[in-house]
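The structure appears below as structure tokens.
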Amino acid sequence: SKFGSPRQSGLVEGLTGEIVFEPPFRSPEAVRGLEQFSHIWLLWGFSQAKEGGLTVRPPRLGGNTRLGVFATRSPFRPNNIGLSSVRLLAIRRDPSLGPVLLVEGADLLDGTPIYDIKPYLPYTDSHPNASEGYTARTRGPALQVEFPPALLSKYPEEKRQAAVSLLSQ
């Protein structure tokens, strides 16, 4: 759901997903060489966000401060394009679906349209000395999440840590 996904890609380790291609792109040729990369960029569409105006109220600033839309990562944008960097875990070959990308750290909803995929290049895509503007002061501490053991046991074991990490944010 919209409120059950991370606010940014890469924030929740262990949160995995699959990228299934549409029929014209279900060929192994479309992903040839992609397995050599540890991370990829996803260009995708906000499928459940409404078009926004020139300013937004980021939740991390308490929802009381207006900032220019281009100074935020709000989904309420003049266009519906999203950008996420995710870890490429594997490429599974499915007999009916073709290549399926297994990724970690995505912040997309099930069924989100992905417009393009590009390899992440550390020598050009990483900027270790970049300034982070107002976001440096809005990173709050993670919340402590506790589940009664009986409730936690009802959740699949391989998804427990990702769920706890997501809720802690």
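Below is a table of values for the structure above.
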{"item": "Computed label-point distance, nm, for sites ALA71 and LYS118 using a 7 Å Cα→Cβ extension", "result": "2.6 nm"}
{"item": "Dipole magnitude of segment 11-116 about its Cα centre (Cβ charges: Lys, Arg +1; Asp, Glu -1), debye to nearest 20", "result": "480 debye"}
{"item": "Residues ALA30 and ALA130, FRET efficiency given R0 of 45 Å [Cβ-Cβ distance, rounded to 0.05]", "result": "0.90"}
{"item": "Nearest-0.05 FRET efficiency for LEU109 and VAL145, computed from C-beta distance (R0 25 Å)", "result": "0.70"}
{"item": "Packing-based ranking, highest mean first, of 124-130, 88-94, 61-67 given that Cβ atoms within 10 Å are counted", "result": "88-94, 61-67, 124-130"}
{"item": "Contour minus Cα-Cα distance for GLU22 and SER47 (0.36 nm per residue)", "result": "7.3 nm"}
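Quick note: the coordinates plus some simple rules give every number you see, no bench work behind them. Please read all numbers here as calculations on a predicted model, not as lab measurements. Backbone-built Cβ (ideal geometry, glycine too); neighbour counts: all protein chains shown.
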